[in-house]
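The values are calculated or read from the model by the stated rules, or taken from the named source; none is laboratory data. All values reported here derive from a predicted model rather than from experimental measurement. So basically every Cβ, Gly included, is an ideal-geometry build from the backbone, and we count neighbours across all protein chains shown.
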Amino acid sequence: MKEKFKAFTEKHAQIWEFIKFVFTACSTTILYYIIFWVVDAILEKPLAGIEVNSAILHFLGIDSNLGLAIAYLSASFLSYVASYIMNRKVTFKSNSNILLSTILFALMVVMTTAFTSWFGTFATEWAAAKGGFWASGFMKSIVIPTVAMLIPFVWTFPFQKFVIYRNKKEPEAEEAAEAAEAVQEAEVAETANAAEAVEAPAEAASEE
């Protein structure tokens, strides 16, 4: 069973990589909610009544309550850190420059968060205007947030795979690739020379 699983992952490396990516996303989402609920439960009473006026938090659709804002920000930060580590070490097994990949990851997070926040607000307002089932709690609490989280998969997976966690070529790997290419070129040249050696007598005989 273990050998079959290994053979599958090697044969379908791209599919297995995407499966690990989805698993990481699901795991860090669960981690996010756990941290959010715990922090919110701890700070709800001590910080009750303390408000925060922030245009950014308002854009993100977060209540101005300080405890809720701290719960959201801490849960987001820790879940994104976990996502970064898991994808770097497990999903893509990257050796990319850690500083550059961290900066790129942070930029991706900012852009993705901005999109999901905008889309969530837009979709909720659109559904409310439609009325009926579209304005139901099921749509507002489950369907719209789920769609808002799934859409970024269109760009987050390829961006992380080909940009953020793009592996650097190791010197040994480059040397091995160059050596293999040289051997291949030598074999092609040798085959061509052998073919010419066979064709030459035949051409000479035909001329006579």
T29, sole failed condition from (1) surrounded by fewer than 17 Cβ atoms within 10 Å (Cβ to Cβ); (2) free of Cβ contacts under 8 Å to residues at least 24 places away in the same chain; (3) assigned to a helix (DSSP H, G or I): (2)
Within the stretch 2-24, considering residues that are touching a residue at least 12 places away in the same chain (Cβ under 8 Å) and aromatic (F, W, Y), the one surrounded by the fewest Cβ atoms within 10 Å (Cβ to Cβ): F18
The stretch 155-181, residues that are at pLDDT below 65 and not in a loop (DSSP other than H, G, I, E, B): P171, E172, A173, E174, E175, A176, A177, E178, A179, A180
Residue in the stretch 96-112 that is closer than 30 Å to K168 by Cα, of a type in the set (G, A, S) and touching a residue at least 12 places away in the same chain (Cβ under 8 Å) present: yes
